[in-house]
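Reviewing the structure listed below.
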Amino acid sequence: MSDALPRQVAVRVEGVGKGYGAGERRVEVLRAIDLDVAQGEMLALVGPSGVGKSTFLHLLGLLDQPDAGRIELFGQDIGALSARERARWRNLRIGYVFQFHGLLGEFTLQENVAMPLLIAGSGRRAAMDRAQELGMAVGLSHRLEHFPDQLSGGEQQRGAIARALVAGPTLLLADEPTGNLDSATAGAVFEMLRNLHLSRGLTSVIVTHNAGLAARCDRILRLTAVGLEAA
Ligand code: ADP
Ligand code: MG
């Protein structure tokens, strides 16, 4: 591919505002946020606790809707999607990793990883095969039959990442994915995330408090009460 080709914009945020509550209890969290993330970029989002990083990621991940402004993902104005289309985007096109792994305790790791495909209506066999591949990709082939409470913190987070990627999303959103891990484990999980980002051609937005991990991303932005700024 020629270097002269401009990179496509994967995420475009224009004038986005979001608050919670009504009347005297109303809290404005995000005001007039603008952001472009290029296709293939891995963006680190940092900023103090309570500033609105999770709120912002929820908007990108279609878990919540802005009060003002517009968000485009891969050229699609997501405000124009029906509820059904939004659910399908969330399930198949967006991988979301939270600080707490969220694996379901009554299912094996492989079943947990297969869950997005099962929900989307894939056959069990195909979903379980695909989950096995993803389990391998995150280094958990030997843990597929285990239940979440039999896994270490790092393994649980690897499982959550495998589940986020099993349906082949193009956008990966991770909200402090290594926030609960000791620093060596956090470094290893982050390295894996970076490698998966590259090998799968993802566009990624990663919220992290860890400056060393943020520095491994392509770009760092800081969210403050005023807005987004280069960090
Ligand atoms: P961060 O992830 O940067 O720590 P959050 O996005 O979680 O920040 O929260 C930003 C602000 O919005 C905080 O003041 C928080 O209390 C408030 N907030 C978050 N979610 C809700 C909600 N569902 N209802 C009311 N306030 C909320
Ligand atoms: Mg948060």
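The values are calculated or read from the model by the stated rules, or taken from the named source; none is laboratory data. Quantities reported herein were computed from a predicted structural model and do not represent experimental measurements. Note that we place each Cβ from the backbone using ideal geometry, even for glycine, and neighbour counts take in every protein chain shown. Side chains are part of the model used for accessible areas, which takes the heavy atoms of the whole protein and leaves out ligands, DNA and RNA. Shrake-Rupley method; radii C 1.70, N 1.55, O 1.52, S 1.80 Å.
What to note about this one:
- Pairs where the first residue, in region 71-85, is assigned to a loop (DSSP other than H, G, I, E, B) and the second is hydroxyl-bearing (Ser, Thr, Tyr), C-beta under 7 Å, 6+ apart: PHE74/THR170
- Within region 46-68, the only residue that satisfies the criterion of being away from ligand 2 (no atom under 16 Å from the Cβ), in contact (Cβ under 8 Å) with a residue 24 or more places away in the chain and open to solvent by 50 Å² or more (accessible area, probe 1.4 Å) is ASP67.
- Test set (1) more than 16 Å from ligand 1 (Cβ to nearest atom); (2) farther than 26 Å from MET192 by Cβ; (3) open to solvent by 60 Å² or more (accessible area, probe 1.4 Å) - ARG31 fails condition number: (1)
- Checking each residue in region 153-175 for being within 16 Å of ligand 1 (Cβ to nearest atom) and crowded, with 22+ Cβ neighbours inside 10 Å picks out LEU173, ALA174.
- Among residues that are in contact with a Lys or Arg (Cβ under 8 Å, 6 or more places away or on another chain) and within 15 Å of ligand 2 (Cβ to nearest atom), LEU43 is not included.
- Region 43-70, residues that are under 22 Å from ASP218 (Cβ atoms), under 15 Å from the mean Cα position of the chain (by Cα), within 13 Å of ligand 1 (Cβ to nearest atom) and not in a helix (DSSP H, G or I): LEU45, VAL46, GLY61
- Taking region 126-231 as the region of interest, the strands (runs of 3 or more DSSP E) fully inside it that hold 1 or more residues being free of Cβ contacts under 8 Å to residues at least 12 places away in the same chain, away from ligand 2 (no atom under 16 Å from the Cβ) and not small (Gly, Ala, Ser) are 228-230.
- Close pairs (8 angstrom Cβ cut-off, 6 or more residues apart or separate chains): within 16 Å of THR55 (Cβ to Cβ) and part of a strand (DSSP E or B) in region 12-30, open to solvent by 30 Å² or more (accessible area, probe 1.4 Å) and of a type in the set (Phe, Trp, Tyr) anywhere: VAL27/TYR20; VAL29/TYR20
- Exactly one residue out of VAL16, VAL11 is at pLDDT 95 or above, away from ligand 2 (no atom under 16 Å from the Cβ), touching a Ser or Thr at 6+ places or on another chain (Cβ under 7 Å) and under 26 Å from ALA230 (Cβ atoms): that is VAL11.
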